[in-house]
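The values are calculated or read from the model by the stated rules, or taken from the named source; none is laboratory data. Just so you know, these numbers come straight off a predicted model, no measurement behind them. Cβ atoms come from the backbone with ideal geometry, glycine included; neighbour counts cover every protein chain shown.
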Amino acid sequence: MPEVLGGQSDGIAFLVSAGIVYEIIAAACSSPQTTEINAKSRSETLMKWVNIGVGQAAIFVIAAAVIDKKHSSPILAGGVLAAVLMYVQYVHAKAAGLRSDEPGTET
């Protein structure tokens, strides 16, 4: 069965690539929940750090794909998918927070 799906190493490469994107963005940013709660006071700053995190993650994912050419497709696929999913969460959190009448936790 692994041969049909591309092999066991491809799955590992995919997960490692996705995981590094989540880790790098988390290191650079607050959570989407914090973004939503404090969007009115910090949305631009929070999104700046999301963009920086995505850029840093892209550097690592691309470097991994260059180093491990055999697994470059799953490395790139995992990294791109994770980056898109995380970015969409932050964009949604910002929009929901700006629409909300609930008070934030920061002034």
* Asked: Hey, any hits in segment 10-20 for a residue that's touching a residue at least 12 places away in the same chain (Cβ under 8 Å), crowded, with 18+ Cβ neighbours inside 10 Å, touching a Ser or Thr at 6+ places or on another chain (Cβ under 9 Å) and outside any helix (DSSP H, G or I)?
  -> no
* residue 43 versus (1) under 14 Å from the mean Cα position of the chain (by Cα); (2) crowded, with 18+ Cβ neighbours inside 10 Å; (3) hydroxyl-bearing (Ser, Thr, Tyr): which is the lone unmet condition? -> (1)
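Take residue 97 and decide whether it is farther than 21 Å from residue 19 by Cβ and either modelled with pLDDT of 90 or more or crowded, with 17+ Cβ neighbours inside 10 Å (or both). I'd like the intermediate steps shown before the answer.
On the way: farther than 21 Å from residue 19 by Cβ: yes; either modelled with pLDDT of 90 or more or crowded, with 17+ Cβ neighbours inside 10 Å (or both): yes.
In short, yes.
Across segment 46-69, which residue is surrounded by the fewest Cβ atoms within 10 Å (Cβ to Cβ) among those that are among the β-branched types (Val, Ile, Thr) and touching a residue at least 40 places away in the same chain (Cβ under 8 Å)?
Kept after step one, since they are among the β-branched types (Val, Ile, Thr), are these residues of segment 46-69: 50, 52, 54, 59, 61-62, 66-67.
Going one step further and asking which of them are touching a residue at least 40 places away in the same chain (Cβ under 8 Å), we end up with 50, 61.
Numbers: 50: 23, 61: 25.
Ranking the qualifying residues of segment 46-69, first place goes to 50.
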